[in-house]
Amino acid sequence: MHASDNSERGLFMQPLTSKELNYANDMLGGEDLLIKMCATAQTSVSQPEVQQFLHHVIGEHQRRHDELVHTLEQHESIAH
């Protein structure tokens, strides 16, 4: 969904509150930690199946991290 889609439907993003920004920051930190922990585990296991699974999990956490950053960037543009 693009920003123009939102305005066509009458949906507008409101700036995030400081509480919401703190929560998002905590979520980013959590995703970072999970990525690092899975990467460490991936290098310490010898079973290819486990390494492949951890590679997938890292990708999922990276995707969530990137989505959060993208959402925060969108909110930053409306806050100014």
Quick one: which of LEU72, LEU68, LEU28 is in contact with a His (Cβ under 9 Å, 6 or more places away or on another chain), assigned to a helix (DSSP H, G or I) and at pLDDT 85 or above?
LEU28
Kindly indicate whether LEU34 is surrounded by 15 or more Cβ atoms within 10 Å (Cβ to Cβ), closer than 18 Å to GLU73 by Cβ and among the aliphatic types (A, V, I, L, M).
no
Name the one entry in GLN62, GLN51 that is at pLDDT 95 or above, part of a helix (DSSP H, G or I), over 11 Å from the mean Cα position of the chain (by Cα) and of a type outside the set (Val, Ile, Thr).
GLN51
Checking ASN6 against (1) modelled with pLDDT of 85 or more; (2) in a helix (DSSP H, G or I); (3) not aliphatic (A, V, I, L, M), only one condition comes out false. Which one?
(1)
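The values are calculated or read from the model by the stated rules, or taken from the named source; none is laboratory data. Because the structure is a prediction, the values reported are computed rather than measured. For neighbour counting, all protein chains shown are included, and Cβ atoms are generated from backbone atoms with ideal geometry for every residue, glycine included.
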